[in-house]
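Report on the structure given below.
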Amino acid sequence: MLTLAKKEIDFKKYISFVLIAYAFSFPVSKATTNLFEVLAILLWIVEGNWREKWQLYKTNLLSITIISLIGFSLLSILWHGNTETTFRYVAKYRHLLIIFVFYSSFDTRYTKAILSAFLSAMFISELMSYAIFFELIHYKNISPLDPTPFMSHMTYSTVLAFTTSLLLVMLFYEDHLKYKIFYILFFLSATTNLFINGGRSGQIIYIVLIITLFLSLVKNKIKAFFGALFILLLTFSLAYNFSTNFHNRSNQLYHDFDNVITNNNFDGSGGARVALSILGVHTFIDNPILGTGLSYRMYNIEKYAKKHDFDAQYFKKFDDYHSAFLTISVQLGIAGLIISLAIIYALFTFQITKQEYRLMSILFAISFVIFSFTHNTFHTMNPMIFFALFGGYFNTLGKKGTSNEF
């Protein structure tokens with residue numbers, strides 16, 4: 001009776017509905033995102049069909065890389081010990097299970113609904129951000145100088161930059177004038193929101209995405225390059241002159257790098273990232289085979305800081321190398337490096353036949369990879385959700401047999 005009842009339930013439909021709610025929740029609420037994540041995973045487990053699912057996963061590169069990351073992280077207990085720390089560390093990878101839920105159990109008839117849900121929530125997030133910026137409301141302890149209501153400014157700026165690129169792709173492939181006008185207005189508001197917030201990662205990603213878009217959508221590549229350059233110069237010039245936050249943070253970044261070059265001083269946000277990369281690379285070189293093991297702190301950071309004449313006390317306050325791929329490589333050695341490269345490769349090689357979705361997937365890959373070189377994206381909730389949501393989504397659209405279903 002139970003087996004018969006299970007067969008009568010359309011699990012794909014209900015899982016797809018939950019994933020749509022998950023996409024909507026991501027930009028606006030951690031609590032509801034967690035709720036729908038758990039619900040999707042529970043439905044996926046109850047759905048069963050594990051033999052069929054395994055056949056899908058074992059031939060899919062992104063699935064293999066995630067299994068490798070989790071599996072090798074657990075396996076590292078054998079030579080590094082720290083069982084409790086390892087299990088607590090790996091437990092955060094539960095967010096990545098959504099990638100497997102998407103790949104085996106998402107109905108691609110709801111492809112557009114995922115994007116619509118996500119963009120609707122981003123619009124709500126923007127409205128909140130503007131309301132805080134203009135001091136129309138007070139939300140928690142968020143300052144009007146950095147109005148990022150629902151996530152850190154680094155993550156929000158990255159997601160905003162990706163959102164602007166989605167809107168431009170949708171604008172290019174849209175036939176109806178009223179929707180084109182809507183996408184243009186949404187793009188302008190999202191771009192403005194990007195530059196009144198404090199996340200420089202997203203602003204850097206924005207540059208790369210705009211150039212990629214112009215080169216992809218405009219046949220004449222010379223015109224495309226100079227068109228992108230004009231848009232970027234205009235945008236950054238307006239932002240520098242009218243956004244106090246962007247103006248100050250741009251000057252601070254310049255000051256940080258000037259301090260590195262002229263004074264060999266790596267204090268400050270920009271200099272610290274350069275120093276952490278140096279420290280991470282040298283730590284990896286010293287521990288290339290087995291790595292240093294999973295930890296919530298950097299391995300022998302004081303020793304390496306002193307070795308390079310950095311301020312050891314200053315760098316003790318950092319938990320990781322501010323780079324997901326570097327952190328994985330240091331912790332897991334050459335296996336971690338291979339897994340990191342495989343994740344990057346997988347993100348750029350989804351076999352999506354519809355051109356607009358293929359382009360969106362490339363834009364996501366660029367966004368996430370650049371973000372991952374400035375942040376430990378595989379150990380913070382919102383960046384992991386960003387990866388699981390869109391990595392899982394585009395990975396599924398590239399699955400064999402789905403090319404004409406959305």
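The values are calculated or read from the model by the stated rules, or taken from the named source; none is laboratory data. The shown structure was predicted, so the numbers you read here are calculated from the model rather than taken from an experiment. Glycine gets a Cβ as well: all are built from the backbone with ideal geometry, and neighbour counts include every protein chain shown.
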ask   = Could you count how many residues in the range 301-324 are more than 27 Å from F371 (Cβ to Cβ) and not hydrophobic (A, V, I, L, M, F, W, C)?
value = 6
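Residue-by-condition table, conditions (1) on the phi > 0 side of the Ramachandran plot; (2) in contact (Cβ under 8 Å) with a residue 12 or more places away in the chain; (3) among the basic types (K, R); (4) surrounded by 20 or more Cβ atoms within 10 Å (Cβ to Cβ):
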position	(1), (2), (3), (4)
K13	no, yes, yes, no
A23	no, yes, no, yes
F36	no, yes, no, yes
L42	no, no, no, no
I45	no, no, no, no
R51	no, no, yes, no
L62	no, yes, no, yes
S73	no, yes, no, yes
task = Among the residues of the range 213-235, write down those that are surrounded by fewer than 17 Cβ atoms within 10 Å (Cβ to Cβ), farther than 17 Å from M360 by Cβ and in contact with a Leu (Cβ under 9 Å, 6 or more places away or on another chain).
result = K221, F225
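Would it be correct to say that Y314 is surrounded by fewer than 21 Cβ atoms within 10 Å (Cβ to Cβ), under 30 Å from L213 (Cβ atoms) and either touching a helix residue (DSSP H, G or I) at 6+ places or on another chain (Cβ under 7 Å) or not basic (K, R) (or both)? So that I can check it myself, show each step before the final result.
Numbers: surrounded by fewer than 21 Cβ atoms within 10 Å (Cβ to Cβ): yes; under 30 Å from L213 (Cβ atoms): no; either touching a helix residue (DSSP H, G or I) at 6+ places or on another chain (Cβ under 7 Å) or not basic (K, R) (or both): yes.
It is false that Y314 is surrounded by fewer than 21 Cβ atoms within 10 Å (Cβ to Cβ), under 30 Å from L213 (Cβ atoms) and either touching a helix residue (DSSP H, G or I) at 6+ places or on another chain (Cβ under 7 Å) or not basic (K, R) (or both).
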Considering residues of the range 87-115 that are of a type in the set (G, A, S) and surrounded by fewer than 20 Cβ atoms within 10 Å (Cβ to Cβ) only, the residue farthest from I328 (Cα to Cα) = A113
ask   = Among (1) part of a helix (DSSP H, G or I); (2) within 29 Å of S329 (Cα to Cα), where does T59 come up short?
value = (1)
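Please find, among L136, L167, the residue that is without any contact (Cβ under 8 Å) to a residue 60 or more places away in the chain and more than 19 Å from the chain's Cα centre (by Cα).
Values: L167 fails: more than 19 Å from the chain's Cα centre (by Cα).
Checking each option against the conditions leaves just L136.
From I344, I370, I352, I338, grab the single residue that is more than 27 Å from T33 (Cα to Cα), surrounded by fewer than 23 Cβ atoms within 10 Å (Cβ to Cβ) and either more than 12 Å from the chain's Cα centre (by Cα) or not charged (D, E, K, R) (or both). Spell out the reasoning first.
Numbers: I344 fails: more than 27 Å from T33 (Cα to Cα); I370 fails: more than 27 Å from T33 (Cα to Cα); I352 fails: more than 27 Å from T33 (Cα to Cα).
Just a single option satisfies the conditions, and that option is I338.
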request  = List every residue pair whose Cβ atoms lie under 9 Å apart, where the two residues are 6 or more positions apart in sequence or sit on different chains, the first residue falls within the range 358-387 and is closer than 15 Å to S152 by Cβ and in a helix (DSSP H, G or I), and the second residue, located anywhere, is at pLDDT below 95 and acidic (D, E).
outcome  = H379/D319; H379/D320
ask   = Residues of the range 306-329 being in contact with an Asp or Glu (Cβ under 9 Å, 6 or more places away or on another chain) and either small (G, A, S) or within 15 Å of Y89 (Cα to Cα) (or both), which ones?
value = A312, T327
ask   = Failed condition for I210, given (1) at pLDDT 90 or above; (2) surrounded by fewer than 14 Cβ atoms within 10 Å (Cβ to Cβ); (3) not charged (D, E, K, R), with all others met?
value = (2)
task = Of all residues in the range 129-148, count the ones that are closer than 24 Å to I385 by Cα and buried (at least 20 other Cβ atoms within 10 Å of the Cβ).
result = 3
message = So, F182, is that one under 19 Å from A121 (Cα atoms) and free of Cβ contacts under 8 Å to residues at least 40 places away in the same chain or not?
response = yes
query = Across the range 128-162, which residue is farthest from T380 (Cα to Cα) among those that are out of contact with any helix residue (DSSP H, G or I) (no Cβ under 9 Å at 6 or more places or on another chain) and assigned to a helix (DSSP H, G or I)?
reply = A131
ask   = Are there any pairs, at least 6 apart or on different chains, whose C-beta atoms fall under 6 Å, with the first in the range 97-108 and closer than 12 Å to N395 by Cα and the second of a type in the set (G, A, S), and if so, which?
value = I98/A388; I98/G392; I99/A388; I99/G391; I99/G392; V101/A40; F102/G392; F106/S16
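Given S165, S143, S157, S152, which one is touching a Lys or Arg at 6+ places or on another chain (Cβ under 8 Å) and either among the polar types (S, T, N, Q) or closer than 18 Å to Q203 by Cα (or both)?
Working: S165 fails: touching a Lys or Arg at 6+ places or on another chain (Cβ under 8 Å); S143 fails: touching a Lys or Arg at 6+ places or on another chain (Cβ under 8 Å); S152 fails: touching a Lys or Arg at 6+ places or on another chain (Cβ under 8 Å).
S157 is the lone residue from the list that is touching a Lys or Arg at 6+ places or on another chain (Cβ under 8 Å) and either among the polar types (S, T, N, Q) or closer than 18 Å to Q203 by Cα (or both).
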